[in-house]
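Student: What follows is a structure written as structure tokens; I'll ask about it next.
The values are calculated or read from the model by the stated rules, or taken from the named source; none is laboratory data. Computed from a prediction, not measured in an experiment: that's the story for all the values here. All Cβ positions, even for glycine, are placed from backbone atoms using ideal geometry, and neighbour counts span all protein chains on display. Surface areas here come from the heavy atoms of the whole protein model, side chains and all, with no ligands, DNA or RNA. Shrake-Rupley method; radii C 1.70, N 1.55, O 1.52, S 1.80 Å.
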Amino acid sequence: MRCGKPIKDEYKEYCSDCAKRTSHITQGRSLWLHKEPVSTAIYKFKYNNKRSWGELFAAEMAQAYKDQVIKWGIEEIIPIPLHKSRKRKRGYNQAEIIAKCLSEKTGVSLVSDALFRVKKNDGAEKVGQAGTNGKSKGCICFCQKEWEIHVANVLLIDDIYTTGATVEQAAKILKKAGRKMCTF
């Protein structure tokens, strides 16, 4: 399983999106499907300053996947970054809130400055799934610093997985730096 989306045909290994491409993600999981009432809750968390909801989401993630995080041997949790202008406007990075709370609940270190976004792009939820192909390419860069020497196995956290373009770009960059990728 790469992305955590449901697989319609039980005899297939990947969802229809993952079957069409190679992936830099070693494993992937999702907590919920992105449909009502979850989608409304995520959008309120993301756009209506419901920061405390990130703690609830992380608690659910820890309950569902803490054993998996330990089994995978995750050494650090890395949130998908926001562009600095978007973070300044919103006041927070929702993926970072989830990652921080998950870190606290699992005892796995949080590294929120391993990646940074150099190009602002429209989110998949605004562009639509068909319009995201290539939109995330080149938008995330690796932060060169001491961190890159010490860790092999990381967990990427994002709030919404639509097409997977952003997570794939982050995983590709981190794999070039010698990391194994798991995502939530």
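Student: Could you list, in sequence order, the residues of the stretch 23-60 that are in a loop (DSSP other than H, G, I, E, B), without any contact (Cβ under 8 Å) to a residue 40 or more places away in the chain and either touching a strand residue (DSSP E or B) at 6+ places or on another chain (Cβ under 9 Å) or of a type in the set (Asp, Glu) (or both)?
Tutor: If the condition is that a residue be in a loop (DSSP other than H, G, I, E, B), without any contact (Cβ under 8 Å) to a residue 40 or more places away in the chain and either touching a strand residue (DSSP E or B) at 6+ places or on another chain (Cβ under 9 Å) or of a type in the set (Asp, Glu) (or both), then 36 is the only one that fits.
Student: Between residues in the stretch 80-94 that are closer than 13 Å to residue 120 by Cβ and residues that are among the basic types (Lys, Arg) and outside any helix (DSSP H, G or I), which pairs lie under 7 Å by C-beta distance while being six or more apart or on different chains?
Tutor: From the stretch 80-94, the pairs are 81/117; 82/117; 83/117; 83/120; 85/120; 86/120.
Student: In the stretch 99-118, what residues are hydrophobic (A, V, I, L, M, F, W, C) and open to solvent by 60 Å² or more (accessible area, probe 1.4 Å)?
Tutor: Listed by number, the residues that qualify are 116, 118.
Student: A further question on this structure: Going through the stretch 61-93 one residue at a time, which ones are open to solvent by less than 60 Å² (accessible area, probe 1.4 Å), part of a helix (DSSP H, G or I) and in contact with a helix residue (DSSP H, G or I) (Cβ under 7 Å, 6 or more places away or on another chain)?
Tutor: Residues satisfying the conditions are 61, 62, 69.
Student: Picking from 168, 96, which residue would you name as being within 17 Å of residue 23 (Cα to Cα) and either crowded, with 20+ Cβ neighbours inside 10 Å or modelled with pLDDT of 65 or more (or both)?
Tutor: 168
Student: Now a separate question. Being farther than 18 Å from residue 140 by Cβ, surrounded by 12 or more Cβ atoms within 10 Å (Cβ to Cβ), of a type in the set (Phe, Trp, Tyr) and modelled with pLDDT under 90 narrows it down to one of 53, 32, so name that one.
Tutor: 32
Student: I'm checking my understanding of the structure. Among residues of the stretch 111-125 that are among the small types (Gly, Ala, Ser) and within 16 Å of residue 76 (Cα to Cα), which one is modelled with the highest pLDDT?
Tutor: 112
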